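Participant: Before we start, here is the structure in question, set down as structure tokens.
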Amino acid sequence: MLHKTPRRLIPIILFLLWGESAIAQTRTVDPETGSVTWEIQVHGVTLSLTQILPDQARAFYVNRGLPTTATESYAKSCVYMTILRNDSAPGAVHFRLSDWSVVSTTGSQPPIGAATWLKRFEADGLSQSARIAFRWAQFPPEQEYQPGGDWNQGMLSAGLPPDSEFDLIARWDVAGEPFEGILKNVRCAK
Amino acid sequence: MFVVQNRRCQWVLLLTAWLVFPVLADLPPLTHGLTPIAEPADSPTLRLTSMDDEIVDLASLRGQVVVVNFWATWCPPCRREMPSLEHLYQQVGDKGVTVLAVNVGEDEDTVFPFLGTVEPSPTFPILFDTDSSVLTQWRVRGLPTTFVVGPNGKLAYQAVGGREFNHPDLIDQLLQLLEK
């Protein structure tokens with residue numbers, strides 16, 4: 001069969017097959033909350049973003065003892081419950097959040113990590129327990145997932161105004177070899 | 001300030017919504033694999049106060065397999081895996097496998113009511129790492145993270161993210177470690 005296929009078409013066919021199986025982005029809406037989830041499975045890794053509505057973020061952190069000034073700025077910064085899982089990558093998946101890109105019409109920058117937020121909150125005088133809860137509820141700034149099911153779930157701030165649209169480029173490496181997964185047309189909650 | 005006060009009632013209602021939110025979200029299934037640690041080293045120290053106001057020292061558990069689980073009540077996968085830790089403890093606790101659940105950054109007033117909602121409610125020691133210093137010492141990068149310490153006191157396995165701890169495969173891994 002293949003020997004009858006013009007050679008110049010083979011790369012195109014392979015690209016189409018790869019694209020079909022590896023980058024099938026899904027979008028689902030939670031009927032109860034209206035939160036939208038975007039998910040891809042690529043290179044043996046699952047990546048998903050679920051909108052956390054501003055009121056949900058406020059409620060969570062007020063309950064953890066964060067001052068309202070701090071929760072207000074964070075809640076409006078386009079926050080997602082983020083899951084990254086190593087299902088069947090060829091080895092340990094290692095990433096740094098600082099290598100990821102939030103690409104919108106206003107430019108490209110990494111998601112805002114926990115350390116940056118905690119620095120912004122310094123003037124608000126967070127208690128130790130509030131600081132710990134905030135730090136550890138965030139998606140890890142750096143992590144390594146072994147194959148077969150290591151994963152994390154945490155909050156990720158895209159740092160964009162409500163209702164913005166962006167692409168998230170997540171980058172990781174497996175034994176030094178770089179990989180990336182792109183979630184396209186992700187929208188911030190209003 | 002006016003806006004904040006008006007919103008307070010709304011937030012109280014939303015606190016309930018938050019508890020429901022992670023349940024409704026399409027969460028991945030809990031896996032049941034433990035990753036062997038390539039070059040087993042002595043576990044970091046762990047000496048913390050338990051919910052029963054007793055000092056629990058990991059060093060005193062030498063000879064047992066110890067499952068050390070770092071968690072918090074606000075962490076959805078931690079909540080999901082907690083019943084399976086108790087099932088594990090009930091199944092193999094008398095065979096030399098014990099569980100220590102290290103809560104990070106919270107206090108008894110927060111943790112105790114949560115444990116009452118877990119079915120079955122944990123009977124293994126709940127320890128408090130109030131300033132997260134032990135978490136840092138164990139090089140945890142995300143919650144939950146679980147380590148398995150072998151009878152020789154060395155780190156044997158690690159699991160990042162929620163697990164189904166009473167899965168037969170995982171229990172086999174722990175019991176085999178006891179035989180080594």
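The values are calculated or read from the model by the stated rules, or taken from the named source; none is laboratory data. Source: prediction; values computed, not measured. Note that each Cβ is placed from the backbone with ideal geometry, even for glycine, and that neighbours are counted across all protein chains shown. These accessible areas exclude ligands, DNA and RNA; they are computed on the full protein's heavy atoms, side chains included. Shrake-Rupley method; radii C 1.70, N 1.55, O 1.52, S 1.80 Å.
Participant: In peptide A:53-64, what is the residue-averaged number of other protein chain Cβ atoms found within 10 Å of each Cβ? Don't jump to the answer; show the numbers that get you there.
Facilitator: Values: counts 4, 0, 7, 6, 2, 7, 12, 8, 3, 7, 8, 6.
Mean shielding by partner chains, rounded to a whole number: 6.
Participant: Among A:ALA175, A:ALA133, A:ALA89, which one shows the highest mean-square fluctuation when chain A is modelled as a Gaussian network with alpha-carbon springs under 10 Å?
Facilitator: Per the Cα network of chain A with a 10 Å cutoff, A:ALA175 tops the list.
Participant: If you don't mind, there's one more thing I want to ask. For an R0 of 30 angstrom, estimate the FRET efficiency from the Cβ-Cβ distance between B:ALA41 and A:ALA24 and round to the nearest 0.05. If you can, show how the numbers build up before the last one.
Facilitator: Values: r = 41 Å, r/R0 = 1.38.
So the FRET efficiency works out to roughly 0.15.
Participant: If you don't mind, another one. Treating the Cα atoms of region A:37-87 as identical point scatterers in vacuum, please give the log10 of the normalised Debye intensity I(q)/I(0) at q = 0.14, 0.19, 0.26 Å⁻¹, two decimals.
Facilitator: Debye curve over Cα of region A:37-87, log10 I(q)/I(0) at q = 0.14, 0.19, 0.26 Å⁻¹: -0.45, -0.65, -0.86.
Participant: What's the average, rounded to a whole number, of partner chain beta-carbon atoms within 10 Å of each residue's beta-carbon in B:71-80?
Facilitator: Working: counts 1, 5, 2, 7, 6, 4, 5, 1, 0, 1.
Per-residue shielding by partner chains comes out at 3.
Participant: Continuing with the same structure: For chains A and B, what's the summed buried accessible area, probe 1.4 Å, to the nearest 100 square angstrom? Present the calculation step by step, with values, prior to reporting the outcome.
Facilitator: Working: alone 10550 and 10200 Å², together 17470 Å².
The A and B chains share an interface burying roughly 3300 Å².
Participant: Tell me, what is the FRET efficiency for A:THR106 and B:ASP131 to the nearest 0.05, using R0 = 41 angstrom and their Cβ-Cβ distance as r? Provide the component values of the computation, followed by the final result.
Facilitator: Numbers: r = 39 Å, r/R0 = 0.95.
The value I calculate is 0.60.
Participant: Counting only other chains, what is the mean number of Cβ atoms within 10 angstrom of the Cβ of each residue in peptide A:145-157?
Facilitator: 6
Participant: Can I ask one more? Using a Gaussian network model of chain A whose springs link C-alpha atoms within less than 10 Å, name the residue from A:LEU118, A:LEU160, A:LEU47 with the highest mean-square fluctuation.
Facilitator: So, out of A:LEU118, A:LEU160, A:LEU47, the one fluctuating most is A:LEU118.
Participant: Between B:ARG139 and B:THR123, what length comes free when the chain is fully extended (0.36 nm per residue of separation minus the Cα-Cα distance, one decimal in nm)?
Facilitator: Details: separation 16, 0.36 × 16 = 5.76 nm, distance 2.64 nm.
Taking 0.36 nm per residue and subtracting the Cα distance, the gain is 3.1 nm.
Participant: Going by the alpha-carbon gyration tensor, a ≥ b ≥ c the square roots of its eigenvalues, is region B:28-179 rounded (a/c under 1.5) or, if a/c is not under 1.5, prolate (a/b greater than b/c) versus oblate? Intermediate values should be presented prior to the final figure.
Facilitator: Values: a/c = 1.37, a/b = 1.18, b/c = 1.17.
Rounded, since a/c falls under 1.5.
Participant: Of A:LYS76/A:LYS190; B:LYS154/B:LYS180; A:LYS119/A:LYS184, which sit over 19 Å apart, Cα to Cα?
Facilitator: On the way: A:LYS76/A:LYS190 9 Å; B:LYS154/B:LYS180 12 Å; A:LYS119/A:LYS184 30 Å.
Those over the limit are A:LYS119/A:LYS184.
Participant: Still on this model: What distance in nm separates the simple spin-label points at A:GLU177 and A:GLU32, each placed 7 Å from Cα in the Cβ direction?
Facilitator: Label at A:GLU177, label at A:GLU32, 4.1 nm between them.
Participant: What accessible surface, in Å², does a 1.4 Å probe find on B:ASP172, ignoring ligands, DNA and RNA and rounding to the nearest 10?
Facilitator: My reading of the accessible area for B:ASP172 is about 80 Å².
Participant: With each run of n ≥ 4 DSSP H residues scored as -39500 (n - 2.57), what mean residue ellipticity at 222 nm is computed for chain B after dividing by its residue count and rounding to the nearest 500 deg cm²/dmol? Mind showing how you got there, number by number?
Facilitator: Values: 5 runs with 65 residues, N = 180.
Mean residue ellipticity at 222 nm (helix-derived): -11500 deg cm²/dmol.
Participant: For region B:56-133 and region A:88-156, what is the separation of their Cα centres, given in Å?
Facilitator: So the separation of the two Cα centres works out to 25 Å.
Participant: Just from its helices, what would the mean residue ellipticity at 222 nm be for chain A, if runs of 4 or more DSSP H residues each count -39500 (n - 2.57) and the sum is divided by every residue, rounded to the nearest 500 deg cm²/dmol? Numbers along the way, then the final one.
Facilitator: On the way: 5 runs with 48 residues, N = 190.
When only DSSP H runs of four or more count, the value is -7500 deg cm²/dmol.
Participant: Take the alpha carbon atoms of the protein assembly as shown, find their radius of gyration, then divide it by 2.2 N^0.38 Å using N residues; give the quotient.
Facilitator: On the way: Rg = 21.8 Å, N = 370, 2.2 N^0.38 = 20.8 Å.
It is 1.05.
Participant: What are the DSSP H helices in chain B that stretch 18 Å or more along their long axis, judged by alpha-carbon atoms, and whose average Kyte-Doolittle hydropathy comes to at least 0.5? Numbers along the way, then the final one.
Facilitator: Working: long enough: B:2-24 (33 Å, 1.14); B:76-92 (25 Å, -0.99).
Going by DSSP H runs, the hits are B:2-24.
Participant: Output the Cα-based Rg and Dmax of region B:137-180 in Å, rounding Rg to one decimal and Dmax to a whole number.
Facilitator: Computed over the Cα atoms of region B:137-180, radius of gyration and Dmax are 11.3, 31 Å.
Participant: Return the FRET efficiency for the residue pair B:ASP172, A:ARG187: r is the Cβ-Cβ distance, R0 is 51 Å, and the value is rounded to the nearest 0.05. List each step's numbers first, then the result.
Facilitator: On the way: r = 45 Å, r/R0 = 0.89.
Here the calculated transfer efficiency is 0.65.
Participant: Calculate log10 I(q)/I(0) of chain A for q = 0.09, 0.12, 0.15 Å⁻¹, where I(q) comes from the Debye formula with a single equal point scatterer on each Cα and nothing for solvent.
Facilitator: Relative scattering, expressed as log10 I(q)/I(0), comes to -0.37, -0.63, -0.92.
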